[in-house]
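Here's the structure we're looking at; comments come further down.
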Amino acid sequence: MLVFEPFFDLCRDLAGAGFVTVDEITGCTADDVAEVVAAAPDGFPISGEYQAFLAVMGRGAGSFFLGTDLFFPSLLEASEAAAGISSGPGETLSLQNRFFFGHHQGYKVYYFDLGSEAVYAYQEGHPESQRLANSFLEFLRQAFDIQKDLRSG
């Protein structure tokens, strides 16, 4: 079951903080969501929370995550970015049992591990993955708070 309300609340907060206008929030179509689900490794379940994000705001949300490929269709390039990073000398990023859903300019990737709803990131040149949040919504909320503070400070 998909729960949309937390993402509608986030959209209202983004609009209230000036990150977006209502017409800049674009959700994915059912076909788009199906394409993302199909892009996951075999047997990797895509959480309902992430699918709700895609449906509500998965194609874009104004200046939220500007410069980061977190939205459809560019999110589909995250696995390729991860493969590029993992092939570099000294890199420890494993591609196994992970769904890569975003990247920042090809040197940082965001992903879920199989069996966990937590969000992780790996940055080229840094041998350790970072656990960013316990859930995708928490990840978005934390990013919103950070970006809001940066804009007001």
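The values are calculated or read from the model by the stated rules, or taken from the named source; none is laboratory data. The structure displayed is predicted, hence computed values, not measured ones. Cβ placement follows ideal geometry from the backbone for every residue including glycine, while neighbour counts extend to all protein chains displayed.
Among (1) over 19 Å from F7 (Cα atoms); (2) touching a residue at least 40 places away in the same chain (Cβ under 8 Å), there is one condition Y107 misses while meeting the rest; what is its number? Only one criterion is unmet by Y107, namely (2). Looking across segment 78-88 at every residue that is assigned to a helix (DSSP H, G or I) and loosely packed, with under 15 Cβ neighbours inside 10 Å, the one that is nearest to the chain's Cα centre (by Cα) is identified as E80. Remark: pairs (first residue in segment 37-49, within 16 Å of E138 (Cα to Cα); second residue of a type in the set (S, T, Y) and surrounded by 15 or more Cβ atoms within 10 Å (Cβ to Cβ); Cβ separation under 8 Å; 6+ apart in sequence or on different chains) = E49/S135.
When segment 89-114 is limited to residues that are at pLDDT below 95 and either small (G, A, S) or closer than 17 Å to F139 by Cβ (or both), the one that is surrounded by the most Cβ atoms within 10 Å (Cβ to Cβ) turns out to be G106.
The set of residues from segment 118-146 being assigned to a helix (DSSP H, G or I), touching an Asp or Glu at 6+ places or on another chain (Cβ under 7 Å) and closer than 25 Å to T92 by Cβ comprises just one member, F136.
Within segment 57-77, being surrounded by 21 or more Cβ atoms within 10 Å (Cβ to Cβ) and either under 20 Å from D145 (Cα atoms) or among the basic types (K, R) (or both) holds for M57, G58, A61, F64, D69, L70. Checking segment 42-51 against the condition returns no match, with no residue being closer than 24 Å to D149 by Cβ, over 14 Å from the mean Cα position of the chain (by Cα), modelled with pLDDT of 95 or more and surrounded by fewer than 18 Cβ atoms within 10 Å (Cβ to Cβ). Can you find, within segment 1-56, the residue that is farthest from Y111 (Cα to Cα) among those that are outside any loop (DSSP other than H, G, I, E, B) and among the aromatic types (F, W, Y)? Filtering segment 1-56 for residues that are outside any loop (DSSP other than H, G, I, E, B) and among the aromatic types (F, W, Y), the one farthest from Y111 (Cα to Cα) comes out as F8.
Scanning segment 82-101 for residues that are small (G, A, S) and in contact with a helix residue (DSSP H, G or I) (Cβ under 8 Å, 6 or more places away or on another chain) yields one hit, S94. In this structure, is E128 over 30 Å from M1 (Cβ atoms) and either of a type in the set (D, E, K, R) or touching a Lys or Arg at 6+ places or on another chain (Cβ under 8 Å) (or both)? Here the answer is yes, as E128 does meet what is asked.
Is it the case that some residue within segment 121-137 is among the basic types (K, R), at pLDDT 95 or above and either under 13 Å from the mean Cα position of the chain (by Cα) or closer than 18 Å to D32 by Cβ (or both)? No: zero hits.
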